[in-house]
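The values are calculated or read from the model by the stated rules, or taken from the named source; none is laboratory data. Predicted model only: the values in this text are computed from it and were never measured. Positions of Cβ are backbone-derived with ideal geometry, glycine not excepted, and every protein chain shown enters the neighbour counts.
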Amino acid sequence: MKGWWARGSLRRRLLCAHLVTIAAGAITLLGTTLLFAPSLHDRLMIAWLGPHWSMTADAGMVEMERATNAIFTLAMAQALAISSGVAILVAVMVSLAASRQIAQPLERLLVAAQRIAAGHYRERAPVQGDYELARLAAQFNTMAAALENAEQRRVALIGDVAHELRTPLATIAGYVEGMLDAVVEPDEGTWALVLDEVNRLRRLAGDLQELSRVEAGQVALNTTAVAPAALCAAALARLEPQFAEKGVMLRIHVAPDLPPVSADPDRVLQVLINLLGNALRYTPAGGEVVVQAVKAGDTVRWAVRDTGIGIAAEHLPHLFERFYRVDKARTRATGGAGIGLTICKALVELHGGQIWVESAGLGQGATFFFTLPLFHRYE
């Protein structure tokens, strides 16, 4: 049986619970009244007529007093029965309305949950009912929006991966077909171009595997006390030749007495190198990139600041999303696949830190910040 009176339905159980409570209250009221009312009546009569009234009254008066007591008790019982019946009827009507106010939002929430489970991620529950029910519906809608966003990102991820694979595969197929048709000479230069595209595919596969492991929390961190100055020096030694070749100045401003951070040095170095590589890519010759590290509360905050092309405000919230690109037309050779910053974010958060970006706009450069917790000797 379907509907609100279906066996096991919430509205039916609420109504039954209300009726049991009302019936128990009515029976208790009636029983207590019949038990104590006669003795209370006698005490009041004695207090009114005097304690010696029954001794001075004749037999007729006593018999009338007993009949009056019986009639009073019967009338009172009938009045209580009638009033209890009316009260139960009114209570049933109120309980129906109350159970509907509680059950209806939950039933609509259940319908919305079933539709979302069936793949309709745009479904939302109406926010109505009491305060707690309204909060439940609002939180449900927040969860549904997160699921919809995750589904959109999943679909976008499939499309982005397909796009990233399509370009090198098309290049490889074109060269191979050209060699088979004797249009392209299979010389050393041709094979070098094919190998370059194969290496791009290999790097993409490696990036995707790394991203999957990091986001799933499957990367084991070998945390230890790491000096911020040592990390910056290692990044400088790794990238200084590339900065010099492009004509971009790289400067480090890190106090040597900064307290150590609790981190995996290899992973933090990976973050620094990625951020510095991005800064170098988007900073023209003659520009400058500055790395800074300062103590901020219980953390050390790094800042990688460049004088490059800058970032428009609408792109700032999305830079750490997978495959997100400010310039949709750029190729992997000139701008990467859009995975590096996502890996950086996952690695920093895996350490218990935060990462974000700020930019005053196009042509104003950009600054990437990230924090790492201080090392405590007994942590």
Total residues in region 336-355, condition at pLDDT below 85 and among the β-branched types (Val, Ile, Thr): 1
Looking only at region 256-307, count every residue that is in contact with a Pro (Cβ under 7 Å, 6 or more places away or on another chain), surrounded by fewer than 18 Cβ atoms within 10 Å (Cβ to Cβ) and among the aliphatic types (A, V, I, L, M) and tell me the total. 1
Residue count, region 197-256 (criterion: touching a residue at least 40 places away in the same chain (Cβ under 8 Å), among the polar types (S, T, N, Q) and closer than 30 Å to residue 162 by Cα): 0
Which one of these is within 25 Å of residue 237 (Cβ to Cβ), modelled with pLDDT under 90, assigned to a loop (DSSP other than H, G, I, E, B) and not aromatic (Phe, Trp, Tyr): 327, 257? 257
Can you go through 165, 157, 204, 133 and tell me which one is surrounded by 14 or more Cβ atoms within 10 Å (Cβ to Cβ), modelled with pLDDT under 85 and closer than 30 Å to residue 98 by Cα? 133
All conditions in (1) touching a Leu at 6+ places or on another chain (Cβ under 8 Å); (2) more than 30 Å from residue 98 (Cβ to Cβ) are true of residue 174 except (1)
Are any of the residues in region 356-377 within 22 Å of the chain's Cα centre (by Cα), surrounded by fewer than 18 Cβ atoms within 10 Å (Cβ to Cβ) and either modelled with pLDDT of 90 or more or at positive phi (or both)? yes
Test result for residue 71, modelled with pLDDT of 75 or more and assigned to a helix (DSSP H, G or I): no
Scanning region 191-247 for residues that are outside any helix (DSSP H, G or I) and of a type in the set (A, V, I, L, M) gives 216, 219, 220, 221, 225, 226, 227
From the list 96, 80, 106, pick out the single residue that is surrounded by 12 or more Cβ atoms within 10 Å (Cβ to Cβ) and at pLDDT 75 or above. 106
Evaluate region 273-293: report whether one residue or more is assigned to a helix (DSSP H, G or I), free of Cβ contacts under 8 Å to residues at least 40 places away in the same chain and in contact with a helix residue (DSSP H, G or I) (Cβ under 8 Å, 6 or more places away or on another chain). yes
